[in-house]
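Just below is one structure, and these are the notes that go with it.
The values are calculated or read from the model by the stated rules, or taken from the named source; none is laboratory data. Treat the numbers as computed from the prediction; the structure is a model and nothing was measured. Counting neighbours? That spans all protein chains shown, and the Cβs are built from the backbone with ideal geometry, glycine included. Calculation scope for accessible area: heavy atoms of the full protein, side chains included, ligands and nucleic acids excluded. Shrake-Rupley method; radii C 1.70, N 1.55, O 1.52, S 1.80 Å.
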Amino acid sequence: MPSRNNRPPFIGVKAGDLVLVQSTLNPDPTDTDWWIGWIVGNLDQFNEIHSVKMLAVVDTDSGELRHVNAEQTTRLSLAGMEQNKVVPLVRG
């Protein structure tokens, strides 16, 4: 999932970020198997297993904590959202 500048879209994610999680590393453009979650934990808690960075993400629909491959995530930025009016999910 390289972005315009060939950096993976998960670079720079941190606890409290909203992310879109895709079902596979290289989904078909018509794939609708995705979900939205909040990253939880501190950066030092992100695990690396066999050179794969894993993130702890809470599914916004179910509340379930899932550990996902960081490369399957894309950080979401909501237009018009003012940082000073956001209630953080986790303490920064």
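Between PRO2, PRO29, PRO9, the distinction of being open to solvent by less than 80 Å² (accessible area, probe 1.4 Å) and at pLDDT below 80 belongs to PRO9 only.
Residues of the stretch 53-78 being part of a strand (DSSP E or B) and either loosely packed, with under 11 Cβ neighbours inside 10 Å or among the acidic types (Asp, Glu) (or both), which ones? Working first, answer last.
Kept after step one, since they are part of a strand (DSSP E or B), are these residues of the stretch 53-78: 53-59, 65-69, 73-75.
Scanning the stretch 53-78 gives a single hit, ASP59.
Residues of the stretch 12-26 being under 15 Å from the mean Cα position of the chain (by Cα), farther than 20 Å from GLU64 by Cβ and at pLDDT 75 or above, which ones?
Result: LYS14, LEU25.
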